[in-house]
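Structure record follows, encoded as structure tokens.
The values are calculated or read from the model by the stated rules, or taken from the named source; none is laboratory data. Because the structure is predicted, anything quoted here is derived from the model rather than measured. Cβ sites come from the backbone with ideal geometry, for glycine too, and all protein chains shown count toward neighbours. Note: areas computed on protein heavy atoms with side chains; ligands, DNA, RNA excluded. Shrake-Rupley method; radii C 1.70, N 1.55, O 1.52, S 1.80 Å.
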Amino acid sequence: VSTRHAGILDTVVDGKTGILVDENDEPAFADAMIRMARNPAQALQMGLDGRRFVLKNFVLDRTISDLYAVLLEAAKHR
């Protein structure tokens, strides 16, 4: 459970790898935490899906490769 803020949106897929709520919405945050506590199987699945998502999209080799591609493209337009 987290808020929709900055880079969190890049790492948490709402409803799949976690639950996102609006910033400063304490009732929604509390409700999401209660839903997860009441459904441990769903919480486990979201955790597993989140781990897979991060390993697929945020490993160092891929991050470097993606950055290299962006830098090459930027250099072409300079």
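Taken together, the residues in the stretch 41-51 that are under 10 Å from LYS16 (Cβ atoms) and open to solvent by 50 Å² or more (accessible area, probe 1.4 Å) amount to 1. Does at least one position in the stretch 51-65 carry a residue that is at pLDDT 95 or above, out of contact with any Lys or Arg (no Cβ under 6 Å at 6 or more places or on another chain) and of a type outside the set (Phe, Trp, Tyr)? Checked the stretch 51-65: at least one residue is at pLDDT 95 or above, out of contact with any Lys or Arg (no Cβ under 6 Å at 6 or more places or on another chain) and of a type outside the set (Phe, Trp, Tyr).
When residues in the stretch 1-29 are screened for being touching a strand residue (DSSP E or B) at 6+ places or on another chain (Cβ under 9 Å), open to solvent by less than 60 Å² (accessible area, probe 1.4 Å) and free of Cβ contacts under 8 Å to residues at least 40 places away in the same chain, 10 of them pass. Taking the stretch 39-70 as the range and being aromatic (Phe, Trp, Tyr) and free of Cβ contacts under 8 Å to residues at least 12 places away in the same chain as the test, only TYR68 passes.
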